[in-house]
Number of protein chains: 2
Amino acid sequence: MKIGFIGLGIMGQPMALNILNSGHSVWVYARRPAMMKPLTDAGATACSSSTEVAANTDIIFICVSDTQDVEKVILGEEGILKSIKKDSVVVDMSTISPSATRALAKTLSDNECHMLDAPVSGGEQGAIDGALSIMVGGEEEIFNRVLPLFNAMGKNIVHIGDNGAGQVTKACNQVLIGQTIAAIGEAYILASASGVDPVKVRQALLGGFAGSRALESHGQRMLDRNFKPGFKSSLHHKDMRIVMEAAHELGIALPGASQVTQYLNAIVGQGKGENDSISILELQELLSGITVKKDN
Amino acid sequence: MKIGFIGLGIMGQPMALNILNSGHSVWVYARRPAMMKPLTDAGATACSSSTEVAANTDIIFICVSDTQDVEKVILGEEGILKSIKKDSVVVDMSTISPSATRALAKTLSDNECHMLDAPVSGGEQGAIDGALSIMVGGEEEIFNRVLPLFNAMGKNIVHIGDNGAGQVTKACNQVLIGQTIAAIGEAYILASASGVDPVKVRQALLGGFAGSRALESHGQRMLDRNFKPGFKSSLHHKDMRIVMEAAHELGIALPGASQVTQYLNAIVGQGKGENDSISILELQELLSGITVKKDN
């Protein structure tokens, strides 16, 4: 099977390498040619556009930043649609709008092709280790066709439902993780303001119903004041915009997610978008005039 | 060692039984005499007041509902302080105000006695199984004196710091668990409104950074619409009042915890305080006109 991979950033580069290393021929394209070098060094073929990728391959992965980027890769002047072959599959692993995803899937279907939305979680390390969680929307038959390639990139791979269902699941993930980070921050603020060691509080809480992967991992980095990403605030900010747009379109109220979105707006507004999204803690500290310290 | 146990409700009764079964002589008191029966049947001695318990014992556990109840048990007309012996220890396992706890500890210290605050989490099943999480505030020497008795009731036992530190930790626990439940509810609302199966969403999220004990346990019960406690909304409501009072006293902002408190106010206001606090989901459903269904 001939595989295309478009978008070779922090996530896309190791994901494409894992596909290449699983024994497939891979055609790649990235806006910045330098990003293709590690792939071509490993045996991939560099292309000069998304159109060229699609002309040569049967399954085309996309891993870019935002809705408009995916739309440009598929529908743009040098896009996939210009050359895509019948029965090919476009697999979008970016995190973008569920409703825009459904529209793109319809366009591809009208052109006798298929689409899967397959956003991931697990971060750069998960991408390098081939251990991503992958949440997939689209037809089951097409999911099964792509599954061996997902297995090269991830571990927890779930087919959720129709086109867009993967993006909805990723949105749910961001809603939950953002609020959990903010809630851990509030617990640390309350402990610190009360003169109680947040390290001990975390230790006690980990053993009970308040225990979570976020308290284990993010909760420790918050205590270490290690704001290096991990997961950039600017990306969480973008993801929460997608969530808020979906809530607006659907006419539903998500007050907790909205609050987290405001924190992320403020982080990006203060020029700290490159910091991990656990830096929500810094805003909570500013708000209450409290610094969370390990040796309280 | 002679042990006293005051307050034999859903939690106190199995906790006192576990102490009795670990081989200690136990004197008990409960406002409703019928609650003492399982204990006296098992060999405990019934008392007619907290004063009588304290007159006969060296370590006196309290497990009642709220701040004023604990104050009455210690300071009231038939309270512990009327008869307590020098160097005795009062161990309050209720969930009450941290600042009121510090005041009570001071009063006991002025009377040459000791106090530990030792609120628990883990619910009725944890109490029956002797598997509670116990968060302890008070002097280390006194903690070590009581530790063998804590071991009869719990598994994850952490000495957090000075008097009040246990109550602060419990408050942090309620802040975190309440917001996690509300965040899971929002994820389910978003999925359901988008026509995506929340069962599949939960399955996908459990494998990643959004995974938590709450998503495992409460998240499943929310999908099952099993609102039987577990942990009553009326108690979570009381605990969040303690959190909000602490935030007021300390002059700190806890916007996420405040939002959860409003949900719990509304649940109790609608006469549903006996339902588990996962019934926050029902309010979120009302707000958005969405019903979360398993077979979406």
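Looking only at residues that are of a type outside the set (S, T, Y) and over 14 Å from A:N173 (Cα atoms) in segment A:228-237, which one is farthest from the other protein chains (Cβ to nearest Cβ)? Show your work before the answer.
Narrowing segment A:228-237 to residues of a type outside the set (S, T, Y): A:228-232, A:235-237.
Narrowing the set further to residues that are over 14 Å from A:N173 (Cα atoms) leaves A:228-230, A:232.
On the way: A:K228: 16, A:P229: 13, A:G230: 10, A:K232: 14 Å.
Going through the qualifying residues, I end up with A:K228.
In the list A:R221, A:R225, which residue meets the criterion of being among the charged types (D, E, K, R), more than 7 Å from every other protein chain (Cβ to nearest Cβ) and assigned to a loop (DSSP other than H, G, I, E, B)? Explain how you work it out, then say what you get.
On the way: A:R221 fails: assigned to a loop (DSSP other than H, G, I, E, B).
Among A:R221, A:R225, only A:R225 is among the charged types (D, E, K, R), more than 7 Å from every other protein chain (Cβ to nearest Cβ) and assigned to a loop (DSSP other than H, G, I, E, B).
Can you tell me which residue in segment A:127-150 is surrounded by the most Cβ atoms within 10 Å (Cβ to Cβ), limited to those that are farther than 23 Å from A:D87 by Cα and in contact with a Lys or Arg (Cβ under 9 Å, 6 or more places away or on another chain)?
A:L132
Can you work out which of the residues in segment B:151-170 that are surrounded by 22 or more Cβ atoms within 10 Å (Cβ to Cβ) and assigned to a helix (DSSP H, G or I) is nearest to the chain's Cα centre (by Cα)?
Out of the qualifying residues, it is B:K170.
Given A:V146, A:V158, A:V201, which one is assigned by TED's automatic domain parsing to the domain that holds A:A246 and touching a residue at least 12 places away in the same chain (Cβ under 8 Å)?
None of the others qualify; the one that does is A:V201.
For segment B:234-259, give me each residue that is of a type in the set (A, V, I, L, M) and touching a residue at least 12 places away in the same chain (Cβ under 8 Å).
B:L235, B:M240, B:I242, B:V243, B:M244, B:A246, B:L254, B:A257
Taking A:G273 and the conditions (1) open to solvent by 20 Å² or more (accessible area, probe 1.4 Å); (2) outside any helix (DSSP H, G or I), which numbered condition does it fall short on, given that it satisfies the others?
(1)
So which residues in segment A:204-216 are facing another protein chain (nearest Cβ under 7 Å) and either in contact (Cβ under 8 Å) with a residue 40 or more places away in the chain or open to solvent by 20 Å² or more (accessible area, probe 1.4 Å) (or both), if there are any at all?
A:G207, A:F209, A:R213
As an exercise: evaluate B:G256 against (1) surrounded by fewer than 19 Cβ atoms within 10 Å (Cβ to Cβ); (2) touching an Asp or Glu at 6+ places or on another chain (Cβ under 8 Å); (3) of a type in the set (G, A, S); (4) closer than 27 Å to A:E285 by Cβ and give the number of the one condition it does not meet.
(1)
Please verify whether B:S22 is open to solvent by 40 Å² or more (accessible area, probe 1.4 Å) and over 30 Å from B:E274 (Cα atoms), treating the condition exactly as stated. Give the derivation first.
Working: open to solvent by 40 Å² or more (accessible area, probe 1.4 Å): yes; over 30 Å from B:E274 (Cα atoms): yes.
It is true that B:S22 is open to solvent by 40 Å² or more (accessible area, probe 1.4 Å) and over 30 Å from B:E274 (Cα atoms).
For segment A:238-259, indicate whether the set of residues that are facing another protein chain (nearest Cβ under 8 Å), under 17 Å from B:I189 (Cα atoms), assigned to a helix (DSSP H, G or I) and among the polar types (S, T, N, Q) is non-empty.
yes
Please work out which one of (1) open to solvent by 10 Å² or more (accessible area, probe 1.4 Å); (2) more than 14 Å from chain B (Cβ to nearest Cβ); (3) in contact with a helix residue (DSSP H, G or I) (Cβ under 8 Å, 6 or more places away or on another chain); (4) of a type in the set (D, E) is the condition A:E124 fails and give its number.
Only one criterion in (1) open to solvent by 10 Å² or more (accessible area, probe 1.4 Å); (2) more than 14 Å from chain B (Cβ to nearest Cβ); (3) in contact with a helix residue (DSSP H, G or I) (Cβ under 8 Å, 6 or more places away or on another chain); (4) of a type in the set (D, E) is unmet by A:E124, namely (2).
Suppose we keep only residues that are in contact with a helix residue (DSSP H, G or I) (Cβ under 7 Å, 6 or more places away or on another chain) and of a type in the set (S, T, N, Q) within segment B:29-55. Which one would you say is surrounded by the most Cβ atoms within 10 Å (Cβ to Cβ)?
The selected residue is B:S50.
Which numbered condition trips up A:L235, out of (1) hydrophobic (A, V, I, L, M, F, W, C); (2) within 21 Å of A:L104 (Cβ to Cβ); (3) not assigned by TED's automatic domain parsing to the domain that holds A:S279?
Status for A:L235: all satisfied but (3).
Within segment B:84-136, can you find the residues that are among the β-branched types (V, I, T), under 11 Å from the mean Cα position of the chain (by Cα) and either part of a loop (DSSP other than H, G, I, E, B) or not assigned by TED's automatic domain parsing to the domain that holds B:V73 (or both)?
Correct list: B:T95, B:I96.
So B:N163 ticks every box in (1) within 23 Å of B:I10 (Cα to Cα); (2) more than 8 Å from chain A (Cβ to nearest Cβ); (3) touching a residue at least 60 places away in the same chain (Cβ under 8 Å) but one. Which box is left unticked?
(1)
State all residues of segment A:56-78 that are more than 26 Å from A:T169 (Cβ to Cβ) and either open to solvent by less than 50 Å² (accessible area, probe 1.4 Å) or in contact with a Gly (Cβ under 6 Å, 6 or more places away or on another chain) (or both); if no residue qualifies, say none.
A:T57, A:G76
Answer yes or no: is there a residue in segment B:171-183 that is within 8 Å of chain A (Cβ to nearest Cβ) and in a loop (DSSP other than H, G, I, E, B).
The answer is no, given that none of the residues of segment B:171-183 is within 8 Å of chain A (Cβ to nearest Cβ) and in a loop (DSSP other than H, G, I, E, B).
State yes or no: is B:L281 touching a Gly at 6+ places or on another chain (Cβ under 9 Å), more than 9 Å from chain A (Cβ to nearest Cβ) and crowded, with 20+ Cβ neighbours inside 10 Å?
Values: touching a Gly at 6+ places or on another chain (Cβ under 9 Å): yes; more than 9 Å from chain A (Cβ to nearest Cβ): yes; crowded, with 20+ Cβ neighbours inside 10 Å: yes.
Judged against the criteria, B:L281 is a match.
Could you tell me whether segment B:245-252 includes any residue that is farther than 24 Å from A:Y263 by Cα, charged (D, E, K, R) and exposed (fewer than 15 other Cβ atoms within 10 Å of the Cβ)?
Scanning segment B:245-252, I find at least one residue that is farther than 24 Å from A:Y263 by Cα, charged (D, E, K, R) and exposed (fewer than 15 other Cβ atoms within 10 Å of the Cβ), so the answer is yes.
How many residues are buried (at least 24 other Cβ atoms within 10 Å of the Cβ) and either more than 7 Å from every other protein chain (Cβ to nearest Cβ) or in contact with a strand residue (DSSP E or B) (Cβ under 7 Å, 6 or more places away or on another chain) (or both) if we restrict to segment A:184-197?
Result for segment A:184-197: 3.
The values are calculated or read from the model by the stated rules, or taken from the named source; none is laboratory data. Note that the coordinates shown come from a computational prediction; the quantities given were computed from them, not determined experimentally. Positions of Cβ are backbone-derived with ideal geometry, glycine not excepted, and every protein chain shown enters the neighbour counts. Heads up: the accessible areas ignore ligands, DNA and RNA and are worked out on the full protein's heavy atoms, side chains in. Shrake-Rupley method; radii C 1.70, N 1.55, O 1.52, S 1.80 Å.
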